[in-house]
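Bear in mind that the values in this text are calculations on the coordinates, not laboratory data. Model, not experiment: these values are computed from the prediction. Reconstructed Cβ throughout: ideal geometry from the backbone, glycine too, with neighbour counts over all protein chains shown.
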Amino acid sequence: MDCLIRFSQSHETFRLPEIQALAVIEGINMKVISYSLESPFCVVNVPSEDAAKRLIRRSILVQSIHSLWGLGETLDAVHAAVHERTPHLWVKYLTCSFKFTVDSYQGTRASDAKVRIINSFAYLGFAGPIKMRNPDEEFTLFEDWPWNSTPDGIPNPKFYYFGRYLATGARDLPQKLDLKKRRYISTTSMDAELALITANISLAAPGKLMYDPFVGTGSFPIACAQFGAMTFGSDIDGRSIRGDGAKKTLRGNFEQYGLLSGMGGVFSADLTNSPIRRLPLGVDSDGVKGRIFDGIVCDPPYGVREGLLVLGVRDPEKTPWIIPKGIEMYKQPDFIPPRKPYSFLAMLDDILQFSAQTIVDNGRLSFWMPTANDEEQEIPVPTHPYLEVAAVCTQVFTKWSRRLITYRRIPDAEVDQKAMQAREADTTLVGKTADELNPFRRAYFNKFETATTTTTTTTPSP
Amino acid sequence: MKVLTLNFLTCAVKACKSSNDSFPLHPKDAELAHDDIEINSQLLVNVLPRIDWTALRTTSTELGFPELPEQPPTAETLEADEAMLKELHTLLLETQMMEGKLVCGHCGHEYAVREGIANFLLPSHLV
């Protein structure tokens, strides 16, 4: 059956990947019939009414889903479509209580105009009581108006949809996990809405094991646990996990939302020296054995608000005493191991490699990555032969954007082994300071000015 | 940190990765805690193929739990065997290691566990 999805008109590039991921989670064969980034209306085909309701029940970006009775460029076209496709349905709703509404996107209708429109559907013959509160059935005429239609005096919408209400999405969930009311957050905690969308796109679900290697205060594991997953997390900074050791801790956040049963384990660790057991790529066969996670979600440090560090000594020649001192002291409980700046691109590459080794077949990796909006400074989407890009969603700021990039772990048999050999041969990354190692950080602190504008400030030679 | 997590963790030292003795890590002076959690058979069936059974048997014995059978159950037998589901649920998901150390059987490195959080950060000479 054809259904109309009424999206929220926000985070537009995340909407289709979210709903497609939910179709995978629910095992629903969904076809997208029409969709546009500029419109909140999307027509999909699903096998049944039950499937339509399940499809959107945990969607953050869907407001509601409706059984589509008619659509068209004019109201007459809608009536013609309703006459053509739905007369067999009308009899079902002859006696139940009902309500009719007009939902105008980017436009307004005076109430007498609304009544005229609603009355034009009188031929449906519904004789039950009209109830504005909690009716048995709700019918809605959606109008898609051109942008700025009221000031421009545009008389009519560009498109109409008419449908019977089926179900509402989960747009109240972000309020439940709202950062403003969360006990313990830090400067880089992911906002609840985007964390929940990330959890949806990465296929977090009951019984699934999800891992965040940059867990911080736990935004992603909490969002995944909210959808029933068992979650794991680690961070190079153990202080972010422990918080103040009393109420403001990562564990306290799980507790606040009643999600403690979904907290599998958190520990301090560095992704480049991870304690997670894993096999070299290409040795296992059944797609599960030797791999642990159904999904990995993270927002790696960019090196702007938080340092991008791994274990090690920055310059062993300059500070030769650090290693002997470490050998002497490392067994003391308050020992903090030295850390050094690390390349942002190498970090992304390590995440891909780690994910290829630890995610089961068809499981997903979703991570956030910043990039400059300027095309010349744009950082390309990282690739890995074992991972296929499933979706790229973008949140745009003034001079830079951040993208949520999602990959599917493909089965070993589908991997291009030549690409894998080429990847292993290529290891060229040099530099010691944060700026040398991190093109995004460098561009950020240069205010995203291109090379030609910045070179003019160099002193001319005499 | 749930006992399930222990089954996923090995020694972080790169030189130990190739040794069979580095997994599982051995709990030392372990203080355990117990949470009452509703049993979730879907989770246990999904977790089963990810578990290294030999390592789990070792951990279970070292933590003072009854000995597990030599062979892991199949997904079908596990779903039908309520006693086994309960036993695995208690061990893997309800039991938490709160304090103590995790010791590598190969290099002897001890990873401290405090307030249920293990610390796998290595000093520079081991990185």
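Tabulated results
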item: For chain B, built as a Gaussian network whose Cα springs stay under 10 Å, the top-fluctuating residue of B:L25, B:L43, B:L78; result: B:L43
item: Dipole magnitude (debye, nearest 20) for segment A:168-207, charges at Cβ of Lys, Arg, Asp, Glu; result: 200
item: Projected label distance in nm at B:A15 and B:W53, using a 7 Å step from Cα toward the beta-carbon; result: 3.5
item: Difference of contour (0.36 nm per residue) and Cα-Cα distance, A:Q175 to A:M329; result: 50.8 nm
item: Taking all pairs of distinct alpha-carbon atoms in segment A:2-171, Kirkwood radius in angstrom; result: 16.6
item: Pairwise Lys count, segment A:87-229 - Cα closer than 18 Å, eight or more residues apart or different chains; result: 5
item: Folded to 0 to 90 degrees: helix A:192-201 orientation relative to chain A principal axis, Cα; result: 90
item: Signed unit charges on C-beta, dipole axis of segment A:2-171, positive-most listed residue A:Q9, A:Y93, A:Y160; result: A:Y93
item: Segment A:194-445, relative contact order [Cα under 8 Å, separation at least 6], %; result: 18
item: Residue-averaged 222 nm ellipticity for chain A, from DSSP H runs of 4+ at -39500 (n - 2.57), nearest 500; result: -7500 deg cm²/dmol
item: Rounded to 10°, Cα long-axis angle of helix A:75-85 versus longest principal axis of chain A; result: 90
item: For segment B:5-72, size of Cβ-based charge dipole, Lys and Arg +1, Asp and Glu -1, in debye; result: 460
item: Residues of type lysines that B:K14 reaches as a straight line, Cα spacing below 27 Å, ignoring anything fewer than 8 places off in the same chain; result: A:K289, A:K318, A:K325, A:K331, A:K340, A:K418, A:K432, B:K2, B:K28, B:K101
item: Per-pair calculated FRET efficiency, R0 = 30 Å: A:V288 and A:A422 via Cβ, rounded to 0.05; result: 0.60
item: Calculated on alpha-carbon atoms, Rg and Dmax of segment A:194-445 in Å; result: 18.6, 52
item: Size of charge dipole - segment A:194-445 - debye, nearest 20, with Cβ of Lys, Arg +1 and Asp, Glu -1, no other charges; result: 720
item: Label-point separation in nm, A:T383 to A:R314, each point 7 Å along Cα→Cβ; result: 3.5
item: Relative contact order (%) - criterion: Cα under 8 Å, at least six apart; region: chain A; result: 12
item: Sites A:A413 and A:N29 - FRET efficiency at Förster radius 35 Å, r taken between beta-carbons, to 0.05; result: 0.90
item: Per DSSP, loop GluC sites (Glu not before Pro) in segment B:1-100 with at most 12 further Cβ within 10 Å; result: B:E38, B:E67, B:E70
item: ³J(HN,Hα), Karplus 6.51/-1.76/1.60, whole Hz, each residue of segment B:104-116, x for Gly, Pro; result: 7, x, 9, 9, x, 4, 10, 9, 6, 10, 10, 6, x
item: Cβ-based charge dipole, segment A:6-154, positive-most Cα from A:Y35, A:L22, A:V102; result: A:L22
item: Convex hull of Cα atoms in chain A, direction-averaged projection (nm²); result: 30.6
item: Helix A:12-26 axis, angle to chain A major axis (alpha carbon atoms, nearest 10°); result: 90
item: When chain B is reduced to its Cα atoms, the Kirkwood hydrodynamic radius in Å; result: 15.3
item: Efficiency of FRET from Cβ geometry, A:N362 and A:R57, R₀ 30 Å, rounded to 0.05; result: 0.85
item: Contact order normalised by residue count of segment A:1-69, Cα under 8 Å, 6+ apart, percent; result: 50
